[in-house]
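Visitor: The structure that follows is given in the form of C-alpha cells.
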Amino acid sequence: MAALKVARRSAIPPFIVMEVMRAANARQASGGDVLHLEVGQPSTAAPRAVIAAAQSALASDVIGYTEALGIPVLRQRIAQHYRDVYGLAVDSARVVVTTGSSGAFLLSFLVAFDAGDRVALADPGYPAYRNILRAIGVEPVGLPAGTATRFQPSPELLDQVTGPLHGLIVASPANPTGTMLDRAELMRLAEYCSRRGIRLVSDEIYHGIAYGKTATSALSVTNDAVIINSFSKYFSMTGWRLGWMVLPADLMRPVECLAQNLFISPPTLSQYAGVAAFDCRDECDANVARYARNRAVLLDELPKAGLSDLAPADGAFYIYANVGRFTNDSEAFCKRMLAETGVAATPGIDFDPNRGHTSMRFSFAGATADMIEAARRIRVWLR
Ligand SMILES: Cc1ncc(COP(=O)(O)O)c(C=O)c1O
C-alpha cells in the first residue's frame, strides 16, 4: 500500500499539563496519594442555580440544536454582564456563545488570520494559543516577557520583533503567571495595534479572579479587539464547555458561518444553565476568597522551601516559580516531585518553550488543606 499522508500541522506538541494530570491520575489509581496543583480548574461544582437551571431544562426541553451564535437570552445576559461589571454598553448582536474559550480561539483565529500570518504572544503564556495557531498554519511569535513587563507584552517588546505581525494575543490575568495589564498598558497596546493594523485578541477568562486589583476589559479601550471569555474559571464550569466572544462588527458574519459549519451550535444544555450563572456572584466570590487564602499560603510557604523567585500573582490561580536553583529540566523535576512527594505541578516548558526549563507552575485552585500539605511536602523534599 502506498504511504498515506500525515499533514505537517498534525505535529502539534501535547498540552503537557494534561499529560501530568494523566500521570497523577495513574498514581492515584494505583493507590498513591496525589495533591493536584497541576491543573487549572476549580475544585468546586458549578453554582447551585446553574445546576437547577440545567435540571429544569432537561425536564422541559428536547435539548436540540440552537442558533450557531447561541440562544438570544444568553447573548443578552452576557451583554448585560458588560454593563453590570464594566459599565460598558454592548449590543448583544456582537456576542457569540462558544464551546469554551477554546472554541472561541479556533473560530476567531480562523476568521482573523490567514495561513502564513504571524501572531505575537507573551512567553510564558497559555500553550494552546501557539498550538492552535500552528494547527491552522499561522506562525506564533513569542515575545520574551520577563519581570520588567510583569511577564506581559509591551510596545517595546513588539518593536523588537523582526518581520510583519498580523495579530497580538494578550491575557490579563495571565496563565501561568497571574500577572495583569492595567488600563494604561492595555490602551498603549491597543493603540500600537490599531496604528499598525494588528488584530488584538484579549483573553479575559480569569476576569473576576484577582487579588486587590480589578481587571480591565480590552473592550473599554477599543472596539476593534476580539474579546474572549468563558464560564470555566470564575463561574467554576470547566466541564460545561461554555464560553463567549464579543467581536468587532467585521468578524460577526464570518464567525457565524464558520460556527454553523464547525459546531452547528454551542452545547445547548450548558447555554440554558449558563444564563443563571450571572446571578451567582456570591457563590463565585466565595470561591475567589478561597483562592485568595490558598495564594497566601503558597506565597508564604514556597519561599521557605527555597522557591522565592515568584511571579507577582495578581490574579487567576497560579504561581509561576523559578526553580533554576534546583534544576534546568522542569519536566524531569516535575516527574520526580510527583513520584517522591505526590505533589503534581506543571513544568514551565508547557508555557515557555525557550526558558521554561527552569520554571514551574503551581495551581492553587484546589482546597486550602491541599495547599498547606503540598507546601509542607515540597519544603521537606527540597531541604
Ligand atoms: C488563559 C486560558 N485561556 C483559555 C483557557 C481554556 O478554557 P476553556 O476552554 O475551558 O474556556 C484556559 C484554560 O486553562 C486558560 O488558562
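Visitor: For an R0 of 22 angstrom, estimate the FRET efficiency from the Cβ-Cβ distance between ASP285 and LYS213 and round to the nearest 0.05.
Guide: For R0 = 22 Å, the calculated efficiency reads 0.90.
Visitor: So what is the relative contact order of the chain, in percent, for Cα pairs below 8 Å that sit 6 or more residues apart?
Guide: 24 percent
Visitor: Let me ask something additional. Return the distance in nm (one decimal) between the two label points of a simple spin-label model at PHE15 and ASN328, each offset 7 Å from Cα along Cα→Cβ.
Guide: 3.1 nm
Visitor: Rounded, prolate or oblate: which one fits segment 221-264, using the alpha carbon gyration tensor with axes a ≥ b ≥ c (rounded when a/c is under 1.5, else prolate when a/b beats b/c, else oblate)?
Guide: oblate
Visitor: Fewest Cβ neighbours within 10 Å first, please rank ARG281, ARG196, ARG77 accordingly.
Guide: Listing ARG281, ARG196, ARG77 from fewest to most nearby Cβ atoms yields ARG196, ARG281, ARG77.
Visitor: Another question, then. Of the residues ALA345, ALA365, ALA332, which exhibits the maximal mean-square fluctuation in a Gaussian network model of the chain defined by a 10 Å Cα contact cut-off?
Guide: Highest fluctuation among the options: ALA332.
Visitor: Another question, then. Could you check the spin-label model distance between LEU110 and ARG253? Points 7 Å from the Cα along Cα→Cβ, value in nm.
Guide: 1.8 nm
Visitor: Test of understanding: what is the full-extension gain from VAL380 to SER308, defined as 0.36 nm times their sequence separation minus their Cα-Cα distance?
Guide: Gain on stretching VAL380 to SER308: 24.4 nm.
Visitor: Only Lys, Arg, Asp and Glu count, each charged at its Cβ (+1, +1, -1, -1), so figure out the dipole size of the chain about its Cα centre, rounded to 20 debye.
Guide: Magnitude of the dipole: close to 520 debye.
Visitor: Of the candidates PRO267, PRO42, PRO164, which one comes out as most mobile in a Gaussian network treatment of the chain with C-alpha springs shorter than 10 Å?
Guide: The residue with the greatest mean-square fluctuation here is PRO164.
Visitor: Sort 29-35, 96-102 by the packing proxy (mean of other Cβ within 10 Å over each peptide's residues), most packed first.
Guide: Ranking the peptides 29-35, 96-102 by packing returns 96-102, 29-35.
Visitor: So, one more: What residue among ALA286, ALA344, ALA225 shows peak mean-square fluctuation when the chain is described by a Gaussian network model with Cα springs under 10 Å?
Guide: Maximum fluctuation in the GNM of the chain, among the listed residues, is at ALA286.
Visitor: Quote the FRET efficiency, to the nearest 0.05, computed for SER30 versus ILE136 with a Förster distance R0 of 41 Å and r equal to the Cβ-Cβ distance.
Guide: My answer for the efficiency is 0.60.
Visitor: In nm, to one decimal, how far is the GLN260 label point from the LYS335 one, both placed 7 Å along Cα→Cβ?
Guide: 4.9 nm
Visitor: Relative contact order for segment 43-165 using alpha-carbon pairs under 8 Å, separation at least 6, rounded to a whole percent?
Guide: Relative contact order for segment 43-165 comes out at 16 percent.
Visitor: Which length gain, in nm to one decimal place, applies between VAL6 and SER43 when the Cα-Cα distance is subtracted from 0.36 nm times their residue separation?
Guide: Between VAL6 and SER43, full extension yields an extra 9.5 nm.
Visitor: Also: Once the Cβ-Cβ distance between ALA292 and GLU191 is put in as r, and R0 is 25 Å, what FRET efficiency do you end up with, to the nearest 0.05?
Guide: Rounded to the nearest 0.05, the efficiency is 0.15.
Visitor: Would you mind telling me the antiparallel percentage of the DSSP bridges in the chain, rounded to 5?
Guide: In the chain, approximately 45 percent of DSSP beta bridges are antiparallel ones.
Visitor: While we're on this one: Using the eigenvalues of the Cα gyration tensor, what equivalent ellipsoid semi-axes result for the chain when each is taken as the square root of five times the eigenvalue, whole Å, largest first?
Guide: For the chain, the semi-axes come out at 31, 26, 22 Å.
Visitor: Full extension from THR368 to ALA23: what is 0.36 nm times the residue separation minus their Cα-Cα distance, to one decimal in nm?
Guide: Result: 121.9 nm gained on full extension.
Visitor: Here's something else I'd like to know. Provide the net charge surrounding ARG183, with neighbours chosen by a C-beta distance below 15 Å and charges set as Lys +1, Arg +1, Asp -1, Glu -1.
Guide: -2
Here, each number is a calculation from the coordinates, and none is a lab measurement. Here the structure is a predicted model, which means the values were calculated and not measured. Note: ideal-geometry Cβ built from the backbone for every residue, glycine included; neighbour counts use all protein chains shown.
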